[in-house]
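Chemist: Input: one structure, supplied below.
The values are calculated or read from the model by the stated rules, or taken from the named source; none is laboratory data. Since the model is a prediction, treat every value here as computed from it, not as a measurement. With ideal geometry, Cβ positions are generated from the backbone for all residues, glycine too; neighbour counts draw on all protein chains shown.
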Amino acid sequence: MGKNLCNQTNAVIFVQAHESDAAHVASSLGVPTENVLGLSAKESAWGASRFATAGNAFFNMEIRFSNKKGSKQEPTKDDLPKFATGWMQALKADQPTFVFTYPSYLASAQSFAAAWGSVVRGLEDPVKFLTALRDAGFNTEDSDFTDPETIKNTATRLKCP
């Protein structure tokens, strides 16, 4: 199985490109590199999502506004989390949703750590890591979010040649 995972070029390239930055952030959180790197792979489709390619938004951190008449409809600079430089509108019809953009993978990962680090600090087990995020409100829309397969695959890909 490990060899097959190493043959998936786009995923291996993603892991190799971002391993160092993910390791830096993971170390600050006391979690394995594959937890941070695997989460970003899961959230960004191994770096191929529109938000990752156009805005380095590897963790899909977002802000939503209600559709009530007269309500705020777009973020301002004051809404930006730490390390973010802007935003992109998501294609959600139910309410205006914007995903924050970043200058780099590292900035995206640091922003994730600043916003969610207290939730996952020290959680080495991938299921506990993902469950803690879900319980705290991170990605409540994906029914398979707590499935650790992407993180486990990332751990294998960290060993690919």
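Chemist: Mind telling me which of the residues F138, F100 ends up being part of a strand (DSSP E or B), at negative phi and free of Cβ contacts under 8 Å to residues at least 60 places away in the same chain?
Modeler: On the way: F138 fails: part of a strand (DSSP E or B).
Answer to the check: F100.
Chemist: Just for segment 92-128: of the residues that are in contact with a Gly (Cβ under 6 Å, 6 or more places away or on another chain) and within 24 Å of N56 (Cβ to Cβ), which one is surrounded by the fewest Cβ atoms within 10 Å (Cβ to Cβ)?
Modeler: R121
Chemist: Kindly evaluate D79 against the criterion of being surrounded by 13 or more Cβ atoms within 10 Å (Cβ to Cβ) and modelled with pLDDT under 95.
Modeler: Working: surrounded by 13 or more Cβ atoms within 10 Å (Cβ to Cβ): yes; modelled with pLDDT under 95: yes.
Answer is yes for this residue.
Chemist: Quick one: would you say T131 is in a helix (DSSP H, G or I), modelled with pLDDT of 95 or more and surrounded by 18 or more Cβ atoms within 10 Å (Cβ to Cβ)? Full working, then the answer.
Modeler: Working: in a helix (DSSP H, G or I): yes; modelled with pLDDT of 95 or more: yes; surrounded by 18 or more Cβ atoms within 10 Å (Cβ to Cβ): no.
Answer is no for this residue.
Chemist: Next question. Filter segment 24-52 for residues that are touching a Leu at 6+ places or on another chain (Cβ under 8 Å) and hydrophobic (A, V, I, L, M, F, W, C); which is farthest from S104 (Cα to Cα)?
Modeler: V31
Chemist: Still on this structure: List pairs: first in segment 36-50 and at pLDDT 95 or above, second surrounded by fewer than 19 Cβ atoms within 10 Å (Cβ to Cβ) and among the hydroxyl-bearing types (S, T, Y), Cβ under 8 Å, 6+ apart or cross-chain?
Modeler: If the second residue must be surrounded by fewer than 19 Cβ atoms within 10 Å (Cβ to Cβ) and among the hydroxyl-bearing types (S, T, Y), the pairs left are E43/S49; G47/T53.
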